[in-house]
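Novice: Here it is: the structure, laid out below.
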Amino acid sequence: MQTVQHSEQTLKTALISKNPTLVSQYEKLDAGERRLLNKAFKPDNDLFGPITLHSESDWIISHPEVPQDFEQFFSDPSRKAPSPEKRSVYIQCIGSLGNTRIISEEYIKWLKGYCEAFFYGLTVKLLEPVPVSVTRCSFRINDNTHNLQIHAGHILRFLKKKKPRDAFCIVGVTMIDLYPRDSWNFVFGQASLTDGVGIFSFARYGSDFYSSRYEGRVNKPQRVSSSDYSIFDNYYIPEVTSVLLLRSCKTLTHEIGHIFGLRHCQWLACLMQGSNHLEEADRRPLNLCPICLRKLQCAVGFSIIERYQALVRWIDDETVHTPGVSTEHSREHDVNLPKPVEAFKEWKEWIIKCLAVVQK
């Protein structure tokens with residue numbers, strides 16, 4: 001294992017910049033916020049550690065990229081930020097997220113609540129779920145996993161057509177595996193900064209993903225008529241667990257972060273690090289490093305204290321009270337569904353430490 005180590009001055013410049021205008025902007029931040037953000041370049045800080053590399057297949061090694069500091073983010077002419085007219089994030093569910101209707105509905109509500117806290121200050125709205133057939137996407141059987149996959153680029157095209165007028169972005173979520181092009185094995189998610197759309201799959205986060213076998217069911221990638229999509233009828237949905245929810249929240253916020261113009265982080269351990277495989281994705285923290293946090297704050301305009309408090313409230317609110325349902329579903333669904341947040345407890349403790357620094 002090796003670590004990506006930057007000097008104190010390099011991290012300080014990445015966070016604050018040497019541009020007098022951006023330095024002045026930074027100095028106008030709340031003193032408590034600056035105290036927390038300055039932890040980025042304090043050698044003895046216990047909140048933001050260095051990036052660790054475990055193998056040659058890790059993202060930074062296999063996908064060399066130019067690091068993006070705050071000044072580069074701020075000055076990027078292609079970067080889009082929410083406006084008073086476009087401050088909504090829309091979530092479109094494609095297929096089911098749970099093995100019953102109520103679980104699928106509550107799962108998407110949990111994701112909505114998490115995004116509202118993570119991107120504090122923006123409105124998050126849910127669109128009616130749609131089956132795969134509505135997207136008219138290509139699909140295939142993966143040669144390695146023998147599992148079903150849908151074409152990420154075709155889903156992005158579908159979402160772009162559905163994007164509401166008040167949307168900053170629209171993102172699709174699915175439990176079906178994705179591939180971006182024929183030559184690629186898979187992708188966890190894909191986003192377009194220009195169009196403000198993204199699609200993210202949680203399929204590989206289920207413990208039984210690799211036991212689903214569809215080999216021989218589809219001979220080649222195709223898209224002919226709606227009847228072709230019958231293969232997705234009764235498609236396997238993983239059991240909803242705390243780890244599945246945590247991984248889903250990570251992927252969703254990481255990819256939406258790209259839509260805000262945040263590139264892969266190469267400064268400190270951070271949610272915005274790239275990942276090539278599940279083990280690497282699991283090593284990524286839920287939090288943004290100070291450099292990426294400043295980028296997101298610049299784009300959205302939130303108070304760091306209020307954002308952290310909203311995230312703690314989301315974790316603490318473990319029970320979802322299901323509203324009244326029709327008689328047809330009442331016996332199955334007339335229950336309070338607990339939100340599985342056990343895997344988030346360690347992060348809650350980390351947030352409380354950050355709040356203590358800000359509120360000192």
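Novice: Return one number: the angle in degrees, 0 to 90 and rounded to the nearest 10, between the long axis of the Cα atoms of helix 304-316 and the longest principal axis of the Cα atoms of the chain.
Specialist: 40 degrees
Novice: Under 22 Å from the Cα of Lys28, which lysines turn up, not counting those fewer than eight places away in the same chain?
Specialist: Lys12, Lys18, Lys39, Lys42, Lys295, Lys360
Novice: Roughly how many percent of the accessible protein surface of the chain is carbon and sulfur, given a 1.4 Å probe and a whole-percent answer? Kindly include the intermediate steps, with their values, before the conclusion.
Specialist: Working: 8010 of 16360 Å².
Carbon and sulfur atoms account for 49 percent of the accessible area of the chain.
Novice: Still on this structure: Isolated Cys in the chain by the 4.7 Å beta carbon test?
Specialist: Cys93, Cys115, Cys137, Cys169, Cys249, Cys292, Cys298, Cys354
Novice: Also: Output the peptides 28-37, 189-198, 348-357 sorted from most to least packed, where packing is the average of other Cβ atoms within 10 Å over each peptide's residues.
Specialist: Top of the packing list down: 189-198, 28-37, 348-357.
Novice: Please list, or write none, the lysines whose alpha carbon is within less than 17 Å of the alpha carbon of Lys162, excluding same-chain residues fewer than 8 places away.
Specialist: Excluding near neighbours in sequence, the set is Lys86, Lys125.
Novice: Can you find, among Leu178, Thr241, Pro82, the residue sitting farthest towards the positive end of the charge dipole of the chain, where Lys and Arg contribute +1 and Asp and Glu -1 at Cβ?
Specialist: Pro82
Novice: On a straight-distance basis, which aspartates and glutamates could pair with Lys353 in a cross-link, Cα separation under 18 angstrom, same-chain partners fewer than 8 positions away excluded?
Specialist: Qualifying aspartates and glutamates at Cα under 18 Å: Asp30, Glu33, Asp44, Asp46, Glu306, Asp316.
Novice: If you don't mind, there's one more thing I want to ask. Over the chain, with a Gaussian network built from C-alpha contacts below 10 Å, which listed residue (Asn144, Asn276, Asn38) shows the highest mean-square fluctuation?
Specialist: Judging by the Gaussian network model, the answer is Asn144.
Novice: What residues qualify as long-range amide H neighbours of Leu337, i.e. H under 5 Å apart, gap of 5 or more or another chain, H built at 1.01 Å from N?
Specialist: For Leu337, whose amide H was placed from the backbone, the distant partners under 5 Å are Val320, Thr322.
Novice: Let me ask something else about it. Can you give me the accessible area per residue for the chain, using a 1.4 Å probe, in Å²? Present the calculation step by step, with values, prior to reporting the outcome.
Specialist: Details: 16360 Å² over 360 residues.
Result: 45 Å² per residue.
Novice: Roughly what % antiparallel, to the nearest 5, for the DSSP beta bridges in the chain?
Specialist: Taking every DSSP beta bridge with both residues in the chain, the antiparallel ones total about 45 percent.
Novice: Something else about it: For the chain, what does the relative contact order come out to in percent, with C-alpha contacts under 8 Å and a separation of six or more? Can you show the working numbers first?
Specialist: On the way: 596 pairs, mean separation 78.4, N = 360.
That works out to 22 percent.
Novice: Relative contact order for segment 245-285 using alpha-carbon pairs under 8 Å, separation at least 6, rounded to a whole percent? Before the final figure, lay out each step's value.
Specialist: Values: 24 pairs, mean separation 12.5, N = 41.
Relative contact order here is 30 percent.
Novice: Report the extension gain between Asn234 and Glu342 in nm, rounded to one decimal, defined as 0.36 nm multiplied by the number of residues separating them, less their alpha carbon distance.
Specialist: Residue separation times 0.36 nm, minus the Cα-Cα distance, leaves 36.0 nm.
Novice: Further question on the same structure: Taking amide H atoms as placed 1.01 Å from N in the peptide plane, list the residues 5 or more away in sequence, or in a different chain, whose amide H sits under 5 Å from that of Val173.
Specialist: Here the answer is Gln92, Cys93, Ile94, Phe200, since their amide H atoms fall under 5 Å of that of Val173.
Novice: At Gln25 and Asn142, where each label point lies 7 Å from the Cα along Cα→Cβ, what is the point-to-point distance in nanometres?
Specialist: 4.0 nm
Novice: Skipping prolines and chain starts, which residues have an amide H placed within reach, meaning under 5 Å, of the one on Ala269, given they are 5 or more residues away or on another chain?
Specialist: Gly49, Ile51
Novice: If you take the beta carbon distance between Ile352 and Val4 as r and set R0 to 30 Å, what does 1/(1 + (r/R0)^6) give as a FRET efficiency, to the nearest 0.05?
Specialist: Efficiency at R0 = 30 Å is approximately 0.65.
Novice: Once every DSSP H run of n ≥ 4 in the chain is given -39500 (n - 2.57) and the sum is divided by its residues, what mean residue ellipticity at 222 nm do you get, rounded to the nearest 500 deg cm²/dmol?
Specialist: Helices in the chain give a 222 nm mean residue ellipticity of -11000 deg cm²/dmol.
Novice: Considering only DSSP beta bridges where both residues belong to segment 88-255, give the percentage that are antiparallel (nearest 5).
Specialist: 30 percent
Novice: Something else now. Once the Cα atoms of helix 152-162 and of the chain are each reduced to a long axis, what angle between those two axes, in degrees from 0 to 90 to the nearest 10, is obtained?
Specialist: Relative to the chain, helix 152-162 is tipped by roughly 90 degrees.
The values are calculated or read from the model by the stated rules, or taken from the named source; none is laboratory data. Since this is a predicted model, take the numbers as computed values, not measurements. With ideal geometry, Cβ positions are generated from the backbone for all residues, glycine too; neighbour counts draw on all protein chains shown. Please note that ligands, DNA and RNA were not included when accessible areas were found on the heavy atoms of the full protein model with its side chains. Shrake-Rupley method; radii C 1.70, N 1.55, O 1.52, S 1.80 Å.
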